Amino acid sequence: MTLWSVFTSILIKSCCSLIHSFCLTSIVFSEYSKIIIYVLIGCILPFIAILLCKNSYLQKILYKISSKSVCANIFDDVLDYKKRTTLQVYLKDSNIMYIGTFKFLEENGLDSYIVLIDYASFDKQTKAVIFEPDKHNLHSVAVVNLRDIERIEIIYSENSEVWKRIT
């Protein structure tokens with residue numbers, strides 16, 4: 001981590017020196033003003049990088065070029081965080097399936113969890129309703145460990161930007 005920080009600071013300083021050699025050559029910056037500029041760039045640059053990575057146009061271009069995602073987590077690619085995304089979650093070694101609206105993802109390595117709201121649990125074979133909290137006016141969420149999931153089927157809203165990007 002320290003090595004990456006040193007590399008980043010050298011890169012920022014070198015880029016600023018390069019820009020200064022072509023633009024604003026008549027202005028002489030003091031060492032204090034250079035340090036302030038480097039710190040501001042170092043603070044702002046990660047936010048710009050995140051905005052670029054989240055840009056749907058850039059994601060489409062990168063996917064067409066390499067057929068790979070810029071995201072480290074598959075859920076960031078397939079879940080629509082702006083619109084409602086319905087998940088059908090099939091559990092391993094269980095006869096239970098959940099259908100509900102995705103709400104949260106807690107990333108913690110092998111112990112990661114997803115949270116569903118407005119959900120119901122069903123028998124996988126008969127599709128019979130086992131538990132439907134909304135029908136009984138219960139305030140409830142389903143929290144499922146990702147290790148216990150066999151597969152997830154995703155249902156998008158009609159105007160989902162994620163669905164348009166994927167297809």
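The values are calculated or read from the model by the stated rules, or taken from the named source; none is laboratory data. These numbers were taken from a predicted model, which means no experiment stands behind them. Glycine also receives a Cβ, built like all others from the backbone with ideal geometry; neighbour counts cover every protein chain displayed. Each accessible area value is taken on the protein alone, full model and side chains, heavy atoms only, with ligands, DNA and RNA left out. Shrake-Rupley method; radii C 1.70, N 1.55, O 1.52, S 1.80 Å.
Remark on residue 96: its backbone amide H falls under 5 Å from those of 91, 124, a criterion applied only to residues 5 or more positions apart or on other chains, H modelled at 1.01 Å from N. For the residues 90, 32, 57, a 1.4 Å probe over the protein chains yields an accessible-area ranking, largest first, of 32, 57, 90. Taking every alpha-carbon pair under 8 Å whose residues sit at least 6 apart, region 62-167 reaches a relative contact order of 29 percent.
Over the residues of the chain, the helix contribution to mean residue ellipticity at 222 nm works out to -13000 deg cm²/dmol, using -39500 (n - 2.57) for each DSSP H run of at least 4.
Angle check, please: helix 2-22 long axis (alpha carbons) against the longest principal axis of the chain (alpha carbons), in degrees 0 to 90, nearest 10. It is inclined by approximately 50 degrees.
Once all protein chains are placed together, residue 54 keeps about 120 Å² accessible to a 1.4 angstrom probe. Mind checking the log10 I(q)/I(0) for region 16-67 at q = 0.25 Å⁻¹? Debye, one equal scatterer per Cα, no solvent, two decimals. These q points yield log10 I(q)/I(0) values of -0.92.
When only alpha carbons are used to place a centre, region 35-109 and region 113-167 end up 19 Å from one another. Each 5 Å bin from zero holds the following percent of Cα-Cα pairs in region 69-114: 5, 17, 24, 27, 19, 7, 2, 0. The angle between the Cα long axis of helix 56-66 and the longest principal axis of the Cα atoms of the chain comes to about 90 degrees, rounded to the nearest 10.
Roughly how many Å² is the accessible area per residue of region 69-113, as a whole number, for a 1.4 Å probe? Before the final figure, lay out each step's value.
Numbers: 2660 Å² over 45 residues.
Here the per-residue accessible area is 59 Å².
Students sometimes get this wrong: rank 163, 4 by accessible area, probe 1.4 Å, all chains present, largest first.
4, 163
Could you tell me what percent of the accessible area of the chain is made up of carbon and sulfur, with a 1.4 Å probe and every protein chain present?
Working: 7890 of 12390 Å².
Of the solvent-accessible surface of the chain, carbon and sulfur hold 64 percent.
Helix 31-54 and the longest principal axis of the Cα set of the chain meet at an angle near 30°. Averaging the sequence gap over all C-alpha pairs within less than 8 Å and six or more residues apart, then dividing by the number of residues, gives region 1-136 a relative contact order of 11 percent.
Cβ under 14 Å from residue 96's Cβ, residue 96 left aside: what net charge do those residues give with Lys, Arg +1 and Asp, Glu -1?
On the way: positive: 92, 124, 127, 151; negative: 93, 123, 132, 148, 150.
Net of charged neighbours comes to -1.
By a 1.4 Å probe calculation restricted to protein chains, residue 16 has an accessible surface near 30 Å², given to the nearest 10.
Where Rh is the Kirkwood radius over the Cα pairs of the chain, the temperature 37 °C and the viscosity 0.692 mPa s, what D in µm²/s does Stokes-Einstein return? Don't skip to the end; give the middle numbers.
Details: Rh = 20.0 Å.
In µm²/s, the coefficient is 164.
How big, on average over all directions, is the shadow cast by the Cα convex hull of region 74-167, in nm²?
Working: hull surface 26.9 nm².
Average of the hull's projected areas for region 74-167 equals 6.7 nm².
For region 20-167, the antiparallel share of DSSP beta bridges with both residues in that region comes to about 95%. Eigen-decomposition of the gyration tensor built on the alpha-carbon atoms of region 28-120 gives equivalent ellipsoid semi-axes of 40, 17, 12 angstrom, largest listed first.
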